[in-house]
Amino acid sequence: MTASARLQELGVTLPEVARPLASYVPAVRTGNLVFTAGQLPMQAGKLAATGKVGVQVSPEQADALARISALNALAAIHSLVGIDAVTRVVKLVGFVASAPGFHGQPGVVNGASELLCEVFGDNGAHARSAVGVSELPLDAPVEIELVVEVG
């Protein structure tokens, strides 16, 4: 099943590509790899939530925000090469704006990882980093980057 067919089956529509906040492009292809810029949980041009995970944002909310960020990364990939060109998800990097003492970054980033496996099946399994940070752009709670292989 193609990724676009799987998205349709899941009832998921890729959003419009989030507009860059500065001087960069949403995704770049080199050879058979596509790298995305960091994607925030933007919906309709606005952040879906702001604040630190563990204070203003619950881990459960952050998990959902990571999923939104991953959808934005897939939208960036789709705009460059088409979602059905993806043959494998190689790496996901998740940044979590964390309150002092919050150590649940892997659980938060699972929101993005699980989406990728839902869309790409076994080819969605990937290497991953889940990093706690003190601040993200626009006071976003999460930011996701992807590297995918394309055919």
Exercise for review: Just name the residue that is most open to solvent (accessible area, probe 1.4 Å) out of those in region 57-68 that are within 13 Å of the chain's Cα centre (by Cα) and among the aliphatic types (A, V, I, L, M).
Suggested key: 64
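For region 115-148, give me the residue count where each residue is over 24 Å from residue 80 (Cβ atoms), in a loop (DSSP other than H, G, I, E, B) and without any contact (Cβ under 8 Å) to a residue 40 or more places away in the chain. So that I can check it myself, show each step before the final result.
Here is the first cut: in region 115-148, the residues over 24 Å from residue 80 (Cβ atoms) are 130-135, 139, 141.
With the extra rule that they be in a loop (DSSP other than H, G, I, E, B), the set shrinks to 134-135, 141.
Those still in the list that are without any contact (Cβ under 8 Å) to a residue 40 or more places away in the chain too: 134-135.
So the count comes out to 2.
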Point to revise | Residues within region 127-142 that are open to solvent by 30 Å² or more (accessible area, probe 1.4 Å) and either in contact with a Ser or Thr (Cβ under 9 Å, 6 or more places away or on another chain) or not polar (S, T, N, Q) (or both), tallied | key: 11
**Study point:** Breaking point among (1) surrounded by fewer than 17 Cβ atoms within 10 Å (Cβ to Cβ); (2) part of a helix (DSSP H, G or I); (3) among the aliphatic types (A, V, I, L, M), for residue 7
**Key:** (1)
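In region 16-34, is there at least one residue being assigned to a loop (DSSP other than H, G, I, E, B), among the small types (Gly, Ala, Ser), at negative phi and touching a Pro at 6+ places or on another chain (Cβ under 6 Å)?
Taking region 16-34 first, the residues assigned to a loop (DSSP other than H, G, I, E, B) are 16-26, 31-32.
After this cut, where a residue has to be among the small types (Gly, Ala, Ser) as well, the list is 18, 22-23, 31.
Filter once more, so that each one left must be at negative phi: 18, 22-23.
Within this subset, residues satisfying the condition of being touching a Pro at 6+ places or on another chain (Cβ under 6 Å) are none.
Scanning region 16-34, I find no residue that is assigned to a loop (DSSP other than H, G, I, E, B), among the small types (Gly, Ala, Ser), at negative phi and touching a Pro at 6+ places or on another chain (Cβ under 6 Å), so the answer is no.
Conditions tested, residue by residue: (1) open to solvent by 20 Å² or more (accessible area, probe 1.4 Å); (2) in a strand (DSSP E or B); (3) modelled with pLDDT under 95.
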| position | (1), (2), (3) |
| --- | --- |
| 50 | yes, no, no |
| 70 | no, no, no |
| 75 | no, no, no |
| 87 | yes, yes, no |
| 90 | yes, yes, no |
| 94 | no, yes, no |
| 97 | no, yes, no |
| 100 | yes, no, no |
| 113 | no, no, no |
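If we scan region 23-45, do we find a residue that is charged (D, E, K, R), under 23 Å from residue 151 (Cα atoms), out of contact with any strand residue (DSSP E or B) (no Cβ under 9 Å at 6 or more places or on another chain) and at pLDDT 95 or above?
First pass over region 23-45, keeping only residues charged (D, E, K, R): 29.
Subset that is under 23 Å from residue 151 (Cα atoms): 29.
Within this subset, residues satisfying the condition of being out of contact with any strand residue (DSSP E or B) (no Cβ under 9 Å at 6 or more places or on another chain) are none.
No, there is no match, as no residue in region 23-45 is charged (D, E, K, R), under 23 Å from residue 151 (Cα atoms), out of contact with any strand residue (DSSP E or B) (no Cβ under 9 Å at 6 or more places or on another chain) and at pLDDT 95 or above.
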Study note, to complete from the structure: Picking from 97, 73, 48, the residue that is in contact (Cβ under 8 Å) with a residue 60 or more places away in the chain and within 23 Å of residue 19 (Cβ to Cβ) would be 73
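The values are calculated or read from the model by the stated rules, or taken from the named source; none is laboratory data. The model shown is predicted, which means the values in this text are computed figures rather than measured ones. As a convention, Cβ positions derive from the backbone with ideal geometry for all residues, glycine included, and neighbour counts pool all protein chains shown. The accessibility values were calculated without ligands, DNA or RNA, using every heavy atom of the protein model including side chains. Shrake-Rupley method; radii C 1.70, N 1.55, O 1.52, S 1.80 Å.
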